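Readers should treat all values here as calculations from the given coordinates under stated rules, not as data from a laboratory. Just so it is clear, the model here is predicted, and its values are computed rather than measured. Note that each Cβ is placed from the backbone with ideal geometry, even for glycine, and that neighbours are counted across all protein chains shown.
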């Protein structure tokens, strides 16, 4: 089983089009130690030809251009993407669906009832796509235990796991969360029994979710912010990381406890990888002390085109 990181940045990408923070300025200037990134998404395959797209980033066309294995070219019109699965209804995870409207058959879309409702009302992509390819909705379970299979990927099992995070601003659940607004995905290679957990939006670690993290061989989890007050301190927002549904890497006073680093230190996974990195996060400086701290704790930073085999 192969997992390919198509995009590793948070919403807006890196550099973000209207941002002049020190990171975005550095990557535009091509300074050493800074690598551009597109908005987060992964693809999963067992045979290298049939792929599940997990989250459809606005950068999907650029990502597919950089991933020729997702275009097998078996006919005049073709794609290796057999289905798409959404972790939430956030703009940076769903608007790429519009770029896939030229499909000759209805799009196979796996998402929870909450996400489907948001895409039918607050951000009505479903009705828009109905005028092009159409959409076949495949509801995801939200009990955190039920496994699903995708016909074209019979050797892989998927278990959606509910998360505590935030629904998008256009969702009626923004300030009254419901189960299914956000999910992570436990992905299992049936042949080897190896598992990976993908959770790009994660605001709080519940005991139930920590147990799932403990079971995974590879963790690919939320790395949006370095500190809780990152956006406030840089004068980009009045919102703290928690307000946006993200657990920062560090806790109080920059310590590792109370943040994602402390959580990952408790995990037995062979690989611990942060994804969905915001453009303001100092870990984007590959030569900086924050990246060095991650390395000392055995934590990797996802990058576009990164491949994980299980």
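The tail of the calculated P(r) for segment 222-310, taken as Cα-Cα distances beyond 23 Å, holds 19 percent of the pairs. Segment 130-207 and segment 246-310 have their alpha-carbon centroids 22 Å apart. If the chain linking residue 31 and residue 240 were pulled fully straight, counting 0.36 nm for each residue of separation and taking away their Cα-Cα distance, it would gain 72.3 nm.
A simple spin-label model places pseudo-atoms 7 Å from Cα toward Cβ; at residue 206 and residue 192 they are separated by 3.0 nm. Net length available on complete extension from residue 233 to residue 47 is 62.3 nm, with 0.36 nm assigned per residue and the Cα-Cα distance removed. Once a ≥ b ≥ c are taken as the square roots of the eigenvalues of the Cα gyration tensor of segment 154-310, is the result rounded (a/c under 1.5), prolate (a/b larger than b/c) or oblate (a/b not larger than b/c)? In terms of gyration-tensor shape, oblate. Normalising the Debye intensity of the chain to I(0), with uniform scatterers on Cα atoms only, and taking log10 at q = 0.09, 0.10, 0.14 Å⁻¹ returns -0.41, -0.51, -1.06. If the segment from residue 132 to residue 73 were pulled out straight at 0.36 nm per residue, it would be longer than the present Cα-Cα gap by 19.1 nm.
In segment 2-309, Cα pairs under 8 Å separated by at least six residues give a relative contact order of 19 percent.
For segment 114-238, the relative contact order works out to 18 percent when only alpha carbon pairs closer than 8 Å and six or more residues apart are counted.
Starting from the Kirkwood Rh over alpha-carbon pairs, what translational D in µm² s⁻¹ does segment 1-82 have by Stokes-Einstein at 25 °C and 0.890 mPa s? Mind showing how you got there, number by number?
Numbers: Rh = 13.9 Å.
The calculation lands on 177 µm²/s.
As an exercise, use a Förster radius of 35 Å and the Cβ-Cβ distance of residue 102 and residue 147 to find the FRET efficiency, rounded to the nearest 0.05.
Working: r = 32 Å, r/R0 = 0.91.
E(calc), rounded to 0.05, equals 0.65.
Site pair residue 66 and residue 252 shows an inter-label distance of 3.9 nm when each label is modelled 7 Å from Cα along Cα→Cβ. Short-range pairs are left out: with C-alpha atoms under 8 Å and at least six residues apart, the relative contact order of segment 2-141 is 20 percent. Name the residue, out of 114, 45, 270, whose mean-square fluctuation peaks in a Gaussian network model built on the chain with Cα pairs under 10 Å. In this elastic network of the chain, the residue with the biggest mean-square fluctuation among 114, 45, 270 is 270. Placing a pseudo-label 7 Å from each Cα along the Cα-to-Cβ vector at residue 178 and residue 270 gives an inter-label distance of 4.0 nm. Counting neighbouring beta carbons within 10 Å and listing from fewest to most, the residues 297, 246, 276, 131 come out as 131, 297, 246, 276.
Within the listed set 47, 265, 253, the Gaussian network model of the chain (springs between alpha-carbon atoms below 10 Å) gives the highest mean-square fluctuation for 253.
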